[in-house]
1. Say the cut-off is 18 Å between C-alpha atoms; which of LYS188/LYS406; LYS464/LYS513; LYS296/LYS439 go over it?
2. Could you pull out every residue, at least 5 positions away or on a different chain, whose amide H is within less than 5 Å of the one on LEU481? Hs are placed 1.01 Å off N in the peptide plane, and Pro or chain starts have none.
3. Using a 7 Å offset from the Cα along the Cα-to-Cβ direction at both ARG420 and ASP332, what is the distance between the two label points in nm, to one decimal?
4. Rounded to the nearest 20 Debye, what is the dipole magnitude of the range 57-148 about its Cα centre when Lys and Arg each give +1 and Asp and Glu each give -1 at the C-beta?
5. Where nothing but the Cβ of Lys and Arg (+1) and of Asp and Glu (-1) is charged, how large is the charge dipole of the chain around its Cα centre, in debye to the nearest 20?
6. Which residues in the range 501-525 have a backbone N closer than 17 Å to a point placed 7 Å from the Cα of GLU451 along the Cα-to-Cβ line?
7. Indicate the gyration tensor shape class of the range 1-61 (rounded, prolate or oblate), computed on the Cα atoms with a ≥ b ≥ c the square roots of the eigenvalues: a/c under 1.5 is rounded; otherwise a/b larger than b/c is prolate and the rest oblate.
8. Put +1 on the Cβ of every Lys and Arg and -1 on every Asp and Glu Cβ in the chain; which of MET107, GLY16, SER221 then has its Cα farthest towards the positive end of the dipole?
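The values are calculated or read from the model by the stated rules, or taken from the named source; none is laboratory data. Everything numeric here is computed off the predicted structure, so don't read it as measured data. Cβ atoms come from the backbone with ideal geometry, glycine included; neighbour counts cover every protein chain shown. Side chains included, ligands, DNA and RNA excluded: accessible areas come from the protein's heavy atoms. Shrake-Rupley method; radii C 1.70, N 1.55, O 1.52, S 1.80 Å.
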Amino acid sequence: MKRYTCEFLVVGGGVGGLMAAITAGKNGVDVIVAEKADTRRSGSGANGNDHYHCYIPQCHGDDIGRVRREIGASFDAGPWVDSSMTDVWINRSFEIIQMWESIGIRMRPTGEYRFEGHGMPGFQLYNLKFDGKNQKPALTAEAKKQGARILNRVVVNELLTNEEGRIIGAVGIDINEEEPELVVFQTKAVLLATGMVSRMYPSITPAYMFNTPCCPATTGSGQAMAYRAGARLVNMDMLNGHAGPKYFARGGKGTWIGISTDIHGKPFTPYGNQPSRATGDVTADVWPTCYHDRMKAGQGPTYMNCTETPAEDLDYMLHEAMVSEGIDSITDYTEQRGIDLSKEMVEFGTYPIMMGQRGIECDEHARTSVEGLYAAGNCVGNVNGSLSGAAAFGLVAGENAAEYVKTVEQEDVTGHPLIREKEALYEMLMGRRPGAHWKEALSTLQNLMNEYAGIDIQNENMLKAGYTYVQQLKADSLKELGCANSHELMRTLEVFDMMDVAEPIFLCCENRKETRGPHVRSDYAFTNILLNNMFQTIVRDREGRVHMDYRRKH
């Protein structure tokens, strides 16, 4: 067993986690970052990003109220976020841009601030076009410079709380060797920055379950750990996904300079009829399921049409923008196959549900409902802003955790019952050879989620049945799954976390007895206006009882 003591444990080394580590380190806090993969290439920004939603006074003027209104009405804020949370990342965005420039991230690759993509024609643009292909190595280096200890290939699997419910530690496994090793952390505060739930629903190519548009290692572990520890989750009934080239799951739809059209090249939305480097194609931002909906309605297939894109913009898109975004595999593919985008359209599709920006409820200080527990990034359920939101709330979490750890004492975790419980689970799974493989459990879970809690119509009977099936699957998996090495144990623990995330999804979907946004009920086809501007929350108390409620959007 390995044992570590620190003041602030950051779980997840993505953008949000590293920003928290940098900020807390600057404030003299002893920080450990535990990352399942490697912080130099992990999280949804692993390969890079090229859009940073922001407010820069010299570019957008001094009327921040107007900026808040415009961003608040956009898809980068959206209906399922608290306006108070949007204000936080808007206000901190330029500060972070300046900090990133100081550590070598090219926020002005052309020498000036430029705004492109994800924009509505005729509206002010707020997406800064930057070159983020080195963002993870740069942030990793800065975190180390500020004193953070980074533990790569360490999987945190459970949070430890004391009798009052305060965070005092965590437990997991070190997977650097063939045989896993138990890891115990003793700490004063924890940040969960573990990303979205990317593999709980079937891949667009089911035989290749890792063909996902975002990081396949982000499997809802933060949401699951928070739920088990008694933290409140929010908006788990509002399923969401992504879109891009059909069968070749690469995100970055805002990087494409083209127009979504039908098979005849005719645009089907009013958001522009000519390719625009400035705005990009906003269709799937405004209507995320458009490609899926059109196929169901017999109106597909639907294409990204770049045949009228100027040659200079096409070259820029393929050889600069997609490289910055980390999706230059699309460029490689077009060149390998001899695809000429000036002559050929690319069919686009809706990708599986990923549950991004759905999960842990936080306040403006990045605090959850559990004392000593913070959250940032895609695992948070009431803030968006994507990269900007993750960076800002990582920074905010680092600031507030630095103050919080001064107010509490370290509490010895030796003998904590969850440590022995988890150790017994790991030993059982590793000792069961041969056993059922984690892929069997995951593919079954994916089918259940897709059939009984997918983006198509739901009803009470389907949701009740699906919930029961997942509970049965979990019980059977505990009895039958076996692991041959560290990697298989990690994947198995991911599956169990996804099963735990499935519980609040089913319960919240059943409890929302109306049709609203992506939540469509055949037995409640109307929209209940009493629930306008209301978010659904769910929490499981220390006795295992589940409580659901609605609260007003802030």
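1. Those over the limit are LYS296/LYS439.
2. ALA436
3. 5.0
4. Rounded to the nearest 20 debye, it is 360 debye.
5. Its charge dipole is roughly 340 debye.
6. Under cut-off, by backbone N: 506.
7. In terms of gyration-tensor shape, oblate.
8. SER221
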